[in-house]
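Colleague: Dumping the structure here so I can ask a few things about it.
The values are calculated or read from the model by the stated rules, or taken from the named source; none is laboratory data. Being a predicted model, the structure only gives us computed values, none of them experimental. Because the Cβ atoms are built from the backbone with ideal geometry, glycine has one as well, and the counts that use them run over all protein chains shown.
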Amino acid sequence: MKMKQVAFLFLIFLASQTVYSWKKDEFRACDQTPFCKRARFRKPGACTLIAHDVSISDGDLTAKLIPKAPHDQDQDQIKPLTLSVSVYQDGIMRLKIDEDPSLDPRKKRFQVADVVISEFETKKLWLQSASTEKINGDDGGLSSVVYLSDGYEAVLRHDPFEVYVREKAGNRRVVSLNSHGLFDFEQLRVKKEDEDWEERFRGHTDTRPYGPQSISFDVSFYGSDFVYGIPEHASSFALKPTRGPGVEESEPFRLFNLDVFEYHHESPFGIYGSIPFMVSHGKSGQSSGFFWLNAAEMQIDVLAKGWDAEGGILMPTEQSRIDTFWMSEAGIVDTFFFAGPGPKDVVKQYVSVTGLPAMPQLFSTGYHQCRWNYRDEEDVENVDSKFDEHDIPYDVLWLDIEHTDGKRYFTWDKMLFPHPEEMQRKLAAKGRRMVTIVDPHIKRDESFHLHKDASQRGYYIKDATGKDYDGWCWPGSSSYPDMLNPEIRSWWAEKFSYDNYVGSTPSLYIWNDMNEPSVFNGPEVTMPRDALHLGGVEHRELHNAYGYYFHMATAEGLLKRGDGKDRPFVLSRAFFAGSQRYGAVWTGDNSADWDHLRVSVPMVLTLGLTGMTFSGADVGGFFGNPEPELLVRWYQLGAYYPFFRGHAHHDTKRREPWLFGERNTALMRDAIRIRYTLLPYFYTLFREANVSGVPVVRPLWMEFPSDEAAFSNDEAFMVGNSLLVQGIYTARAKHASVYLPGKESWYDLRTGTAYKGGKVHKLEVSEESIPAFQRAGTIVPRKDRFRRSSTQMVHDPYTLVIALNSSQAAEGELYVDDGKSYDFKHGAYIHRRFVFSNGHLTSSPVGNSRFSSDCIIERVILLGFTPGAKTALVEPGNQKAEIELGPLRFGGQHAAVAVTIRKPGVRVAEDWKIKIL
Amino acid sequence: MKQRLSLMYLSFILIISSRESSSSIPSNSFIGIPPQDEDYFKREIIKCKNGSKKFTKAQLNDDFCDCPDGTDEPGTSACPLGKFYCKNIGHAPSFLYSSRVNDGICDCCDGSDEYDGKVKCPYTCHEAGKVAMESFKRKIEVYQEGVILRKVEIGLAKRAIARDKAELSGLKNEREVVEKVVHQLEGQVRKLEQEPQEKDDKMREARNEKVENEESGPDKNVDSQIEPMKASDVEKQGQAGESPSDQNEKDEHESSEGLSREELGRLVESRWTGKKSGEQVEETDPVKNDQEEGGPDAGYEESVADNSGRSSTAQYKIGVQDLKNSSDIATPSGKSWLDKIQETAQNFLQSVNLFSIPVANLDANKIRKEYNHYTAKLSDLESRISSLTEKLKFDFGKQNEFYLFYDRCFELKQDKYIYKVRPFRNATQEDGSSETQLG
């Protein structure tokens, strides 16, 4: 009793603390995690497995992995492992290693389901034969070589076993596995008498009934100077080494989906999502990639050069190389090697495995206004009307958890939101949408139909003893549906029908939060690893994919709701490889400080590189109150995030854009309007991502692969291939150093001033904007009319901004469809290619499009064009259009600096030519 | 009049239906221009209002933005800074942002902002005008009612102020008297304290008695009760401040392992919510609370709450006490009563003084008792004086019409919240279990 009292007093005391910080010791470090600690102690060359029985079967190159000599170091290596190498179109090699099912292992190890898309299997190349070669200098060691693609081969070295991709020409390696002999595979086995498999951490016990089952191996990237990817971490874009000479004591990069309260802005620590996909890039201008499809906790070391200097295997040194070390708690080896060679090729290869990013609805590419919480219907109406009063466009108003009846999702607080349908209709009348939150924790309340239904059907995840797992989240005692099970996903999807979700209307979309899953009283604020899913799969085996399945089920719900015609919009906090197919993600609960503004750029870049192109950070920062300057800078940067949403914690002051004085309102309005003028460009980029995986927001080196100065630049980023943007990350900044890559010039988006490429420019900075440039040689489509939301912009005319390169040429594209349905899949779109050369601007179709639009082009702006010409001739029709000097942007007092073709009046859907006379 | 209006309405409809449907260039080039500005636009060459540029008559409302300030496009959406004028005959004219022109949403009640044929806007100015007129009338009525109410309040305030001022001056007199008495008694007490050491034991006894008396006397002063509580608050705060924050974290770490699953859940949750944990625990375990209040740690909880900045409840309670106390004392103070005090005190002092050496223990106790009694009285008087003086310092409006609001509490129930506004004091929001101070 006394003890309890003390604890109780502590609760009150802690609740009274207002200053919080990341509680590092509540999360497991590598040396508190047995599999990680063990793996990190392994020495190069420790693996003695050799490939045996190498043959071609079922179109794959297969082998058995057995210890070279029985009873050596790998004592637990009692049974042979199966290995298979498959090859797929476009330079993708898949390597699988698992326990041999014919040898009756204790349990089938978990293979992540429903991530690799079914179309991928159709791209498999059926191998007919393998050639064998002797390795130079090796004493007779053999390798089996198979075809991968034009110019590339997949190689399996037998003794010791090693797998790699190489270029045929010159036998240059690209990506390899187990070149350092660190491979380790703990096979499932029977517990020995003196063994204790349980793991304890801060009062939580993991029963670990199947004992150790981890896997680790080394992966090397050749011709590589930097590696990137493996989100989600708040850290630099180019991954810093975590081990080796010159590296201070560091944790590996951890991939374990966690709800980390106030995460730190520079840490290899795992946060909300995990994508075990790494991309390398080097001076050669070439990239390669490696993806491990495994949803258990993963830890990844990036090894500093020279890490293996003592006692290791000496590798060929003529190629620069980055070695990495991958460790996972469970699962199997199911890995994909991407040969590249260009950065965009690697991304394309990755999405051909995990799927293309979904095409978003047009509205979701606009500005979103969120807060925990908009209190009631009156508050909603008030905020909505304030946007109109201040002539600031926005598309979506969001409701956080407080809109529900006691955190029972799919319900409404009857006092605060008595008329949800009418509220949504009012927004919809202005072309705006609403988003409500639906989290995976279901309140354990017998009177709550969802809980009753789920528990009666046995749809909840079970604890280690087989009872419904009972955790704690917003509603109090909660359980979690087992989203691994397709039947349960489909049950969940039904809950979004208009009949089941009472108070929902067609303009309502969904936000999935807390789906790591977050469990307030669980180990590391998540679910115990020994909780059980469908088919006895342990939570430890699929943890990182739980949020992915939840996101998937929700998106399928919205799809079903709209009879498969309305593109879903679902924002998720947790994610895994493949989440790009289901919607957007954001970088979770960031903080209102400059460091978090800064780190949002590498975080968004990393997500884009790994397929998750539709992403952004909370503008303004979730925790804390941003000073007005920070908020303005955040809007200026956030306007270029693929996903652009303002959000705030409920203890913060209101921060809607009109609350900081007229000047700041004007600055934020201007930032948001820039986004809206660029919506045609953004939408075109989303379409590019939708067909190729190439992200909307890209690292500089993706567009300038050979420009070394760009390799580790994560202050600036490219929006598509045409715009370069750099944030202002400090208070009261007067100057900014901006590196502009390439040989061509760049035009300031505001002033039209030209800057030379290939150098760092020290620029003066004003409060009005952040540095942003259009690359010479590109054409950017805009809509310069300002409206309440994207909905009213549909019929508005276009402006084309042409930035001419040194040979007075440029090109660009425009993609248009109905912005909401899937008719574009059947050709209902407009895709134009604009080319400017020899003083002629031509519009021609890309592909076969069948969509009509009454939109015209009202203005063509030419940057880098020598003024002088007075008229242009428009074909067909041979009408004349005037040429004059006009402003580059509208909505303020902007000087007439740009050569402007006035009212050419051509239709955007048609072929035409404009000749400057 | 009515005929004229409907005629205009008709011609207006004709205008809309006759324009070309596929173009958004208005057929009437003067659309969106307020009547007083029309002359400005009747020239062949027109200046942008900010002087930056000139444009031709043909460029007026040609759906292309020539003036950065929007002068040339009052009737289209081409210039972001443009303003569209709706005539709204039957109601008040208005200006719209150019972003509203032909956006598919009817903004003007005369529908003139939507002329590109994509939507048909009903003419609602007459209805809107009626509604506006009604609400304007209602406003006038409310105003008139208010004027009457105000007069009443002013009258009442006058009386109340007079009463309070009278009381204040009475109290001040009283204070003078009591101060004197206290001063005299103080002299006596000091004398007593200089008595030889041998009396110590007995004095201690006497003091104990005094304490007992104080505790048993319910009408004793409030300050002396509040004082020690405040002191303990300060102490507790001091203690909390001393422990470094990393110590706290450590403690939390240690304690979190001993927590029940629910307590741990609430603890972690409270990081995000900032405040809910404690309150919910309070709700769910009232028994435990009661025990603690009775225990030796009573008061601790409240003082912790003070640290957190969630002190609203505590402050509120004290506020209530203040009010009660002042109203207790506010019994009209007649002169006779004052004289009586003076008399009794004098008599008492004299009676004690008769025995110059040594003062009997009984008398010593009596003196102390009296001394305490009058000190308490004095501090009561002072607090009432200061609260009255404070009150009178406020600005209660030109004619002090808000004077009586000082002691009033206005309550409003809005959904699940109860809002309480105490003019010149504070405003709170309560939702059953918790209360938030509003700025």
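Colleague: Scan segment A:688-709 and tell me whether some residue there is under 16 Å from residue A:639 (Cα atoms) and within 14 Å of another protein chain (Cβ to nearest Cβ).
Modeller: Scanning segment A:688-709 turns up no residue that is under 16 Å from residue A:639 (Cα atoms) and within 14 Å of another protein chain (Cβ to nearest Cβ).
Colleague: Give the residues of segment B:21-32 that are more than 9 Å from chain A (Cβ to nearest Cβ) and either more than 52 Å from the chain's Cα centre (by Cα) or within 15 Å of residue B:81 (Cβ to Cβ) (or both), sorted by residue number.
Modeller: Passing the criteria: B:21, B:23, B:25, B:26, B:27, B:28, B:29, B:32.
Colleague: Which residues, taken from segment B:97-119, are over 18 Å from residue A:430 (Cβ atoms) and more than 14 Å from every other protein chain (Cβ to nearest Cβ)?
Modeller: Those that are over 18 Å from residue A:430 (Cβ atoms) and more than 14 Å from every other protein chain (Cβ to nearest Cβ): B:110, B:112.
Colleague: Taking residue A:620 and the conditions (1) over 30 Å from residue B:270 (Cβ atoms); (2) touching a Pro at 6+ places or on another chain (Cβ under 7 Å), which numbered condition does it fall short on, given that it satisfies the others?
Modeller: (1)
Colleague: Answer yes or no: is there a residue in segment B:127-137 that is under 24 Å from residue A:428 (Cα atoms) and not in a helix (DSSP H, G or I).
Modeller: The answer is no, given that none of the residues of segment B:127-137 is under 24 Å from residue A:428 (Cα atoms) and not in a helix (DSSP H, G or I).
Colleague: Quick check on my filter: what residues within segment A:873-897 are away from chain B (no Cβ under 14 Å) and within 28 Å of residue A:829 (Cβ to Cβ)?
Modeller: Of everything in segment A:873-897, those that are away from chain B (no Cβ under 14 Å) and within 28 Å of residue A:829 (Cβ to Cβ) turn out to be A:874, A:875, A:876, A:877, A:879.
Colleague: Within segment A:492-510, take every residue that is of a type in the set (Gly, Ala, Ser) and in a loop (DSSP other than H, G, I, E, B) and give me the one that is surrounded by the most Cβ atoms within 10 Å (Cβ to Cβ).
Modeller: A:504
Colleague: From the list A:731, A:776, A:736, pick out the single residue that is more than 14 Å from chain B (Cβ to nearest Cβ), free of Cβ contacts under 8 Å to residues at least 40 places away in the same chain, over 30 Å from residue A:428 (Cα atoms) and within 30 Å of the chain's Cα centre (by Cα).
Modeller: One residue alone meets the criteria, A:736.
Colleague: Could you please give the count of residues in segment A:413-436 that are assigned to a helix (DSSP H, G or I), surrounded by fewer than 21 Cβ atoms within 10 Å (Cβ to Cβ) and either more than 14 Å from chain B (Cβ to nearest Cβ) or of a type in the set (D, E, K, R) (or both)?
Modeller: 4
Colleague: Considering only strands (runs of 3 or more DSSP E) fully contained in segment A:329-408, which possess at least 1 residues that are touching a Cys at 6+ places or on another chain (Cβ under 9 Å) and not assigned by the TED database to the domain that holds residue A:223?
Modeller: Qualifying strands (runs of 3 or more DSSP E): A:396-399.
To keep it simple, each residue is scored yes or no on (1) aliphatic (A, V, I, L, M); (2) over 35 Å from the mean Cα position of the chain (by Cα); (3) not assigned by the TED database to the domain that holds residue A:349.
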| residue | (1), (2), (3) |
| --- | --- |
| A:94 | no, no, no |
| A:111 | no, no, no |
| A:115 | yes, no, no |
| A:126 | no, no, no |
| A:129 | no, yes, no |
| A:132 | no, yes, no |
| A:144 | no, yes, no |
| A:150 | no, no, no |
| A:158 | no, yes, no |
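Colleague: Another one. Consider residue A:769 carefully, then state whether it is under 19 Å from residue A:633 (Cα atoms), in contact with a helix residue (DSSP H, G or I) (Cβ under 9 Å, 6 or more places away or on another chain) and hydroxyl-bearing (Ser, Thr, Tyr).
Modeller: yes
Colleague: Quick one: how many residues across segment A:862-872 are under 27 Å from residue A:846 (Cα atoms) and either within 14 Å of chain B (Cβ to nearest Cβ) or among the charged types (D, E, K, R) (or both)?
Modeller: 0
Quick grid of which residues meet (1) crowded, with 18+ Cβ neighbours inside 10 Å; (2) of a type in the set (Asp, Glu):
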| residue | (1), (2) |
| --- | --- |
| A:806 | no, no |
| A:817 | yes, yes |
| A:854 | no, yes |
| A:862 | yes, no |
| A:872 | yes, no |
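Colleague: When you go through A:128, A:111 one by one, which is the residue that is modelled with pLDDT of 95 or more and in a loop (DSSP other than H, G, I, E, B)?
Modeller: Among A:128, A:111, only A:111 is modelled with pLDDT of 95 or more and in a loop (DSSP other than H, G, I, E, B).
Yes/no per residue for (1) under 27 Å from residue A:23 (Cα atoms); (2) under 26 Å from the mean Cα position of the chain (by Cα); (3) at pLDDT 95 or above:
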site	(1), (2), (3)
A:455	no, no, yes
A:461	no, no, yes
A:501	no, no, yes
A:510	no, yes, yes
A:513	yes, yes, yes
A:530	yes, no, yes
A:551	no, yes, yes
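Colleague: Here's something else I'd like to know. Mind counting the residues in segment A:801-828 that are in a helix (DSSP H, G or I) and without any contact (Cβ under 8 Å) to a residue 60 or more places away in the chain?
Modeller: Residues in segment A:801-828 being in a helix (DSSP H, G or I) and without any contact (Cβ under 8 Å) to a residue 60 or more places away in the chain: 3 in total.
Colleague: Ok, one more. Condition (residue is in the same structural domain as residue A:469 (by the TED database) and either aromatic (Phe, Trp, Tyr) or assigned to a loop (DSSP other than H, G, I, E, B) (or both)) applied to segment A:552-561: is it met by at least one residue?
Modeller: Looking through segment A:552-561, none of the residues is in the same structural domain as residue A:469 (by the TED database) and either aromatic (Phe, Trp, Tyr) or assigned to a loop (DSSP other than H, G, I, E, B) (or both).
Colleague: Might you let me know whether segment A:784-800 holds any residue that is β-branched (Val, Ile, Thr), away from chain B (no Cβ under 14 Å) and either part of a strand (DSSP E or B) or farther than 30 Å from residue B:82 by Cα (or both)?
Modeller: no
Colleague: Please determine, by comparing only the residues of segment A:12-34 that are at pLDDT 75 or above and within 26 Å of the chain's Cα centre (by Cα), which one is farthest from the other protein chains (Cβ to nearest Cβ).
Modeller: A:30
Colleague: For residue B:53, indicate whether it is among the basic types (Lys, Arg) and within 14 Å of chain A (Cβ to nearest Cβ).
Modeller: So residue B:53 passes the test.
Colleague: Looking only at segment A:635-670, count how many residues are of a type in the set (Gly, Ala, Ser), away from chain B (no Cβ under 14 Å) and under 26 Å from residue A:602 (Cβ atoms).
Modeller: Summing the residues that are of a type in the set (Gly, Ala, Ser), away from chain B (no Cβ under 14 Å) and under 26 Å from residue A:602 (Cβ atoms) in segment A:635-670 gives 3.
Colleague: Shifting gears a bit: Which residue pairs have Cβ atoms under 7 Å apart, sit 6 or more places apart or on different chains, and have a first residue in segment B:167-185 that is within 26 Å of residue B:364 (Cα to Cα) and touching a residue at least 12 places away in the same chain (Cβ under 8 Å) and a second that is part of a helix (DSSP H, G or I) and of a type in the set (Gly, Ala, Ser)?
Modeller: These pairs meet every condition: B:181/B:345.
Colleague: Also, I was wondering about something else. Could you list all residues from segment A:886-908 that are surrounded by fewer than 18 Cβ atoms within 10 Å (Cβ to Cβ) and assigned to a loop (DSSP other than H, G, I, E, B)?
Modeller: Matches in segment A:886-908: A:892, A:893, A:894, A:895, A:905.
Colleague: Filter segment A:66-94 down to the residues that are under 21 Å from residue A:216 (Cα atoms), modelled with pLDDT of 95 or more, in contact with a Ser or Thr (Cβ under 8 Å, 6 or more places away or on another chain) and not β-branched (Val, Ile, Thr) and list them by number.
Modeller: Of everything in segment A:66-94, those that are under 21 Å from residue A:216 (Cα atoms), modelled with pLDDT of 95 or more, in contact with a Ser or Thr (Cβ under 8 Å, 6 or more places away or on another chain) and not β-branched (Val, Ile, Thr) turn out to be A:83, A:84, A:93, A:94.
Colleague: Still on this model: State which residue is nearest to the other protein chains (Cβ to nearest Cβ) when the search covers only segment A:442-491 and only residues that are aliphatic (A, V, I, L, M) and surrounded by fewer than 22 Cβ atoms within 10 Å (Cβ to Cβ).
Modeller: Among them, the one singled out is A:464.
Colleague: Quick one: which residue in A:663, A:669, A:655, A:687 is more than 27 Å from residue A:627 (Cα to Cα) and surrounded by fewer than 23 Cβ atoms within 10 Å (Cβ to Cβ)?
Modeller: Being more than 27 Å from residue A:627 (Cα to Cα) and surrounded by fewer than 23 Cβ atoms within 10 Å (Cβ to Cβ) holds for just one of A:663, A:669, A:655, A:687, which is A:687.
Colleague: What are the pairs, 6+ residues apart or on separate chains, where a residue within segment A:374-391 that is within 9 Å of chain B (Cβ to nearest Cβ) has its Cβ under 7 Å from a residue that is of a type in the set (S, T, N, Q) and assigned to a helix (DSSP H, G or I)?
Modeller: Filtered contacts from segment A:374-391: A:391/B:99.
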